[in-house]
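Encoded as structure tokens, the structure appears first; notes follow it.
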Amino acid sequence: MDLGISGRRAAVAAASAGLGLGCARALAREGVAVAVCGRDADRVGDAVRSLRDEPGAGQVEGLVADVATPEGAAGFVERAAGALGALDILVTNAGGPPPGTFASTDLEAYLPALRLNLLSTVAMCQAAVPAMADRGWGRVVAITSATVRQPAATLILSNTARAGATAFLKTLATEVAGRGVTVNSVQPGLHATDRLRKLHGGDPAALGAAVPTGVVGDPDDFGAAVAFLCSAQARFITGTALLVDGGGYPGLQ
């Protein structure tokens, strides 16, 4: 299927590896000009080279940026827009805060987590969405987590911050829907990423038994779902939170 976004311009945050890189790869394959960022210059360079090798890839820009703060997040979007000329698509993403429970997590740990997984999303949207709305076309897709629906017992900081981001995105979606901009979030379950390795150790494939499909997710498959939400055909999908978890979430909603 032609997604109808060839020639569009996208900023994909935290995309030197993992889910962010999967999203950037899917967009590049659709002929979207892509700007990606990460904190490590070598990893960003490797990501850019791999994206430029994708069939159909156009302009690819790599930026060294840390989106862990609102200032860094907004700065990335502004630099991406400058490098590409403007932005039509924004994929927000960031790493996760440290694990912990209510009993083990000090109050002081919450503000950095909120900056990382809530305020960075707000800042990126503030930097990108007004210009999209003025042009009458835009796509925002935020990578959050399946734990927004079913909080993980040992991830209280992530649960709290990402739930706030989901509420923000839903509110934003209703405000800009009439101006040609869609705003959605995608909630990954267990995927083969560095984050999964840090939280659970070893080979992510060993966790496949915990997923109804029998395997953990592939970041490229996740990226394909995000790319569809950025498509022309997805113009009537906004304000949604899409689970991509291999059937792991047990609830009805």
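See the values below:
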read-out: Condition check for A234: in contact with a Phe, Trp or Tyr (Cβ under 7 Å, 6 or more places away or on another chain) and of a type in the set (A, V, I, L, M, F, W, C); value: yes
read-out: Filtered residues of segment 98-119 (kept if hydrophobic (A, V, I, L, M, F, W, C) and farther than 17 Å from L169 by Cα); value: F102, A103, L107, A109, L111, A113
read-out: Identity of the residue in segment 174-229, assigned to a loop (DSSP other than H, G, I, E, B) and out of contact with any helix residue (DSSP H, G or I) (no Cβ under 6 Å at 6 or more places or on another chain), that ends up modelled with the lowest pLDDT; value: G202
read-out: Subset of segment 155-174 that is of a type in the set (S, T, N, Q) and buried (at least 16 other Cβ atoms within 10 Å of the Cβ) - its residue that is farthest from P97 (Cα to Cα); value: T166
read-out: Yes/no for A35 being in contact with an Asp or Glu (Cβ under 6 Å, 6 or more places away or on another chain), within 28 Å of L118 (Cβ to Cβ) and either modelled with pLDDT of 95 or more or not in a loop (DSSP other than H, G, I, E, B) (or both); value: yes
read-out: Odd one out for A35 among (1) crowded, with 24+ Cβ neighbours inside 10 Å; (2) farther than 25 Å from P188 by Cβ; value: (2)
read-out: Condition check for I143: within 27 Å of I237 (Cα to Cα), surrounded by 18 or more Cβ atoms within 10 Å (Cβ to Cβ) and of a type outside the set (S, T, N, Q); value: yes
read-out: Those residues of segment 24-79 which are within 15 Å of the chain's Cα centre (by Cα) and touching a residue at least 60 places away in the same chain (Cβ under 8 Å), in sequence order; value: A24, R25, A26, L27, A73, F76, V77
read-out: Selection count where residues are touching a strand residue (DSSP E or B) at 6+ places or on another chain (Cβ under 8 Å) and surrounded by 22 or more Cβ atoms within 10 Å (Cβ to Cβ), scope segment 98-130; value: 5
read-out: Long-range neighbours under 6 Å by Cβ, at least six apart or interchain, first residue at positive phi within segment 214-240, second part of a helix (DSSP H, G or I); value: G214/G208; G239/K170; G239/A173
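The values are calculated or read from the model by the stated rules, or taken from the named source; none is laboratory data. What you see is a predicted model, and the numbers here were worked out from it, not measured in a lab. Methodologically, a virtual Cβ is constructed for each residue, glycine included, from the backbone with ideal geometry; neighbour enumeration extends over all protein chains shown.
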